[in-house]
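The values are calculated or read from the model by the stated rules, or taken from the named source; none is laboratory data. This structure is a prediction, so every number in the text was calculated from the model and none was measured. When we count neighbours, we look across all protein chains shown, and the Cβ atoms used for this are built from the backbone with ideal geometry, even at glycine. Side chains are part of the model used for accessible areas, which takes the heavy atoms of the whole protein and leaves out ligands, DNA and RNA. Shrake-Rupley method; radii C 1.70, N 1.55, O 1.52, S 1.80 Å.
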Amino acid sequence: MTRTLGSRILVALPYLWLLVLFLAPFLIVLKISLSDLAVSRPPYTPHLDLTAGWAGIKAFFAALDFENYTFLAEDSLYINAYLSSLKIAGISTLITLLIGYSIAYALARAPRRWRPTLVMLVILPFWTSFLIRVYAWIGILKTEGLLNQALLSIGLIAEPLTIMNTNTAVYIGIVYSYLPFMILPIYATLEKMDESLLEAAADLGSSRLAAFFLVTLPLSMPGIVAGCFLVFIPAIGEFVIPDLLGGSNTLMIGKTLWVEFFNNRDWPLASAVAILLLLLLIVPIVLFQRQQMKQEIGT
Amino acid sequence: MTPPFAPWADPDAKPLIEIRNVTKRFGAFEAVRDLSLAIHEREFFAILGPSGCGKTTLMRMLAGFETPSEGEILLDGQDLSPIPPAKRPVNMMFQSYALFPHLTVEKNIAFGLKREGTPKAEIAERVTDIMRLVQLTDFARRKPDQLSGGQRQRVALARALVKRPRLLLLDEPLGALDKKLRQETQFELMGIQETLGTTFVIVTHDQEEAMTVSSRIAVMRAGELAQVATPTDLYERPDTRFVADFIGEVTILDGIVTAASRGGVGLSVMEGAPDLRIITPHTPPAGTQAWLALRPEKVSISRERPADADNALAGKVLDIAYLGNISTYHVALPDGSIIKAQESNRQRADRRGITWEDPVWVAWEEDAGVLLLA
Ligand SMILES: Nc1ncnc2c1ncn2[C@@H]1O[C@H](COP(=O)(O)OP(=O)(O)OP(=O)(O)O)[C@@H](O)[C@H]1O
Ligand SMILES: [Mg+2]
């Protein structure tokens with residue numbers, strides 16, 4: 001056998017990692033989502049009582065139910081929160097894509113010796129805490145903030161704009177925060193693209209614009225898809241940005257989850273919200289992967 | 001009998017491409033210097049030269065990816081400079097092939113026709129035809145990364161040819177192929193060129209390849225043309241030592257012109273040896289420094305001095321390169337210079353009985369070598 005014990009452990013490690021850090025917490029949350037709210041510590045029942053033996057296990061499973069999920073489905077607040085999160089994350093992803101693609105394109109076309117520095121600049125914001133950077137946007141966007149002062153002083157507006165505590169502020173915050181996650185994967189695909197492909201396209205009669213849509217864009221698709229997932233998925237569950245920049249009418253599932261968990265101390269309902277969110281994210285990912293597989297086998 | 005194909009010899013023939021005093025500078029560096037050249041319809045024209053001499057730069061100017069710093073390029077008598085690459089009736093087969101990795105073979109080939117707005121039915125027909133011509137029919141639905149090097153090269157060729165360009169540029173098209181496939185492909189290329197009648201300009205490092213495929217060859221040196229001639233002329237009548245040395249194997253002896261007589265000259269190459277007789281159209285005055293270029297296959301080697309040879313020198317065998325079909329003898333003359341002599345091994349080479357250190361005679365006819373003045 002060429003497979004030694006050592007190499008098997010090495011192969012098993014990532015699975016072990018997933019098992020311990022993803023599957024186990026997932027099962028625990030799933031279990032809580034099927035439990036009932038109770039005034040106890042932790043604040044739900046039932047608890048698995050292994051000392052009672054088989055009867056204890058049976059009683060435990062009998063007490064689990066889908067009450068919380070039915071509740072979620074019946075209260076339009078939650079459905080609206082999900083839909084609104086999808087919308088906010090979707091639109092922000094689109095804006096991030098447009099801005100991120102332009103920046104990535106410019107980076108990939110910059111002189112070779114400048115590129116490492118420019119990429120460094122894209123990553124630079126990560127050196128400051130995410131929370132502080134979002135806080136800084138309050139200073140920029142508020143009524144007497146930097147943006148309004150600047151616009152007023154150059155006479156572009158007569159009245160200060162209300163951006164703070166609106167969905168616009170949330171969009172700005174998300175686009176700003178997640179932009180590097182869009183730029184980097186797209187830059188990676190653009191940077192390794194063979195420049196002579198564009199010359200070939202021109203040689204075969206394409207205008208620059210046609211060459212972009214027929215060659216550059218399809219070849220950067222893997223980067224676009226990766227970037228969109230890296231932005232869309234965390235944006236959907238985003239809590240900090242809508243909490244700090246959004247207003248009372250900004251509805252996002254991350255905020256709802258927070259309220260259920262910390263304000264109402266309804267752990268079972270909060271868990272149900274989390275599980276549904278996970279399912280919501282997994283479905284498109286699986287669909288996407290299936291399609292990728294088909295494409296690869298098809299050729 | 002049709003007359004041989006030689007439009008360049010006809011002063012009235014209109015060339016397809018005329019390159020007039022073209023210079024290309026990158027910064028202060030001149031990659032192409034004051035180059036003039038005419039290429040005719042249906043020619044298979046080869047550009048040959050050492051690395052960095054400006055071959056690719058010249059091709060890129062023809063395709064439109066670079067603009068000449070000075071001079072002009074005409075196609076059918078029309079200045080090409082205002083026409084962008086996309087609009088030129090010129091297509092290029094790239095050194096790296098530059099196939100679109102996300103498109104199938106078929107779609108790669110159809111790419112250019114779609115851009116022209118050719119009707120769908122015609123695209124399908126022309127793509128099918130060209131794929132048959134380059135034997136790619138079975139691979140139509142594959143992507144470039146599922147093809148061998150030779151197949152990719154044929155896709156690149158088909159993609160450029162299907163547009164029926166007036167001029168096809170091939171930048172080292174066979175560089176990535178092994179020797180055998182390369183030779184096969186050379187003949188395929190010639191066949192295709194003859195079938196379609198397209199004018200081909202091919203860049204190559206490989207002088208044998210240039211000799212095989214082309215109607216004429218331009219030898220470039222440091223951005224300039226060293227010589228433009230048919231393969232035979234280039235081999236038999238090089239103008240300079242550079243060209244003689246670049247094309248094929250050669251021995252170059254330097255000497256002083258002594259006397260001119262009977263359509264030739266004498267060349268003194270060594271003290272104590274008789275002057276060499278060389279037939280040449282040149283008439284340099286006595287005392288001029290000149291060189292004799294001698295192809296090894298025109299030099300015979302023997303133990304005794306051949307009685308009827310025009311030129312013969314005595315020497316000693318320094319080295320024997322046995323190449324199977326031929327053997328090349330390196331013979332050292334008394335002054336240390338070396339003459340190469342080649343014998344075909346019609347009988348086994350070891351039967352000839354000449355071996356290392358043997359005293360021998362090398363001999364050649366007075367019209368075997370070429371007198372060079374530069
Ligand atoms: N864009 C450019 N900028 C600066 N110098 C260049 C550029 N393109 C080519 N050169 C220089 O011009 C000279 C000729 O280059 P070119 O590519 O034409 O050579 P080549 O004959 O095709 O060589 P090879 O046989 O190696 O392909 C080289 O010295 C090269 O460094
Ligand atoms: Mg080159």
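A simple spin-label model places pseudo-atoms 7 Å from Cα toward Cβ; at A:V283 and B:L373 they are separated by 8.9 nm.
Any chance you could run the full-extension gain for A:S129 through A:N264? It's 0.36 nm times the residue separation minus the Cα-Cα distance, nm to one decimal.
Numbers: separation 135, 0.36 × 135 = 48.60 nm, distance 2.88 nm.
Roughly 45.7 nm would be gained on extension.
Restricting to chain B, compute how many DSSP beta bridges are antiparallel as a %, nearest 5. Intermediate values should be presented prior to the final figure.
On the way: 58 of 76 bridges.
Once the DSSP bridges in chain B are tallied, antiparallel ones form about 75 percent.
Any idea what angle helix A:221-236 forms with the longest principal axis of chain A, computed on alpha-carbon atoms, 0 to 90 degrees, nearest 10? So the inclination is approximately 50 degrees.
P(r) tail for the range B:120-259, what percent of Cα pairs lie past 26 Å?
Numbers: 3557 of 9730 pairs.
Considering the range B:120-259, 37 percent of its Cα-Cα pairs are separated by more than 26 Å.
For the chain pair B and A, the interface hides roughly 1700 square angstrom of accessible area in total, found with a 1.4 Å probe. Between the helical axis of B:179-196 and the longest alpha-carbon principal axis of chain B there is an angle of about 60 degrees.
Among the chymotrypsin sites (Phe, Trp or Tyr not before Pro) found in the range A:1-73, those both in a DSSP coil and sparsely packed, with 16 or fewer other Cβ atoms within 10 Å of their Cβ, are A:F66. Placing unit charges on the Cβ atoms of the charged side chains and taking the dipole of the range A:129-275 about its Cα centre, the candidate lying farthest along the positive direction among A:G139, A:Y171, A:S207 is A:G139. Placing a label point 7 Å from the Cα of A:A62 along the Cα-to-Cβ direction, the residues of the range A:19-47 whose backbone N falls under 18 Å of that point are A:35-36, A:45-47. Extending 7 Å from Cα along the Cβ direction at A:Q149 and again at B:E236 yields two label points whose distance is 9.0 nm. Mind jotting down the distance between the C-alpha centroids of the range B:224-285 and the range B:80-149, whole Å? Between the Cα centre of the range B:80-149 and that of the range B:224-285, the gap is 47 Å. Model label points for B:Y322 and A:W17, set 7 angstrom from Cα along the Cα-to-Cβ axis, are 6.1 nm apart.
Kirkwood analysis of the Cα pair distances in the range A:112-214 returns a hydrodynamic radius of 17.2 Å.
What is the average number of partner chain Cβ atoms found within 10 Å of a Cβ in B:98-109? Provide the component values of the computation, followed by the final result.
Values: counts 11, 3, 9, 6, 8, 3, 1, 0, 0, 0, 2, 1.
That average works out to 4.
Summing charges over all other residues whose Cβ lies under 15 Å from the Cβ of B:R221, with Lys and Arg as +1 and Asp and Glu as -1, gives -2. The Cα atoms of the protein assembly as shown cover 124, 75, 52 Å along the three principal axes, with the biggest extent listed first.
Look at the stretch A:22-35: the mean tally of other chain Cβ atoms within 10 Å of its residues' Cβ atoms is 0. What's the angle, to the nearest 10 degrees (0 to 90), between helix A:130-141's Cα axis and the longest principal axis of chain A? Between helix and principal axis, roughly 60 degrees.
When a 1.4 Å probe is rolled over the protein heavy atoms, the share of accessible surface on the range B:249-372 that falls to carbon and sulfur comes to 52 percent.
For the residues B:T118, B:T251, B:T128, a GNM of chain B with alpha-carbon springs under 10 Å puts the largest fluctuation on B:T118.
What accessible area per residue comes out for the protein assembly as shown, rounded to a whole number of Å², with a 1.4 Å probe?
On the way: 35190 Å² over 673 residues.
The answer is 52 Å² per residue.
Shown here for the range B:120-156: trypsin sites (Lys or Arg not before Pro) in loop regions (DSSP other than H, G, I, E, B) with at most 15 other Cβ atoms within 10 Å, namely B:R141. Scattering from the C-alpha atoms of the range B:7-244 alone, worked out with Debye: what is log10 I(q)/I(0) at q = 0.09, 0.10, 0.15 1/Å? For the requested q values the scattering log ratios are -0.38, -0.47, -1.05.
For the range B:185-199, the residues whose amide N sits under 18 Å from a probe point set 7 Å from the Cα of B:S148 along the beta carbon direction are B:185-189. Shown is the FRET efficiency for B:A124 and B:T195, computed with R0 = 25 Å from the Cβ-Cβ distance and rounded to the nearest 0.05: 0.75. Panel note: the C-alpha atoms of the range B:249-372, placed on their principal axes, show extents of 45, 26, 25 Å (largest first).
Treat every Asp and Glu Cβ in the range B:7-244 as -1 and every Lys and Arg Cβ as +1, leave all other atoms uncharged, and give the resulting dipole magnitude about the Cα centre to the nearest 20 debye. It would help to have the intermediate numbers written out before the result.
Working: 32 positive and 32 negative charges, 199 e Å.
The calculated dipole for the range B:7-244 is roughly 960 debye.
Could you name every residue in the range A:186-214 that has 50 Å² or more less accessible surface in the full protein assembly than in its own chain alone (probe 1.4 Å, ligands and nucleic acids excluded)? SASA drop of 50 Å² or more in the range A:186-214: A:L197, A:E199, A:D203, A:L204, A:L214.
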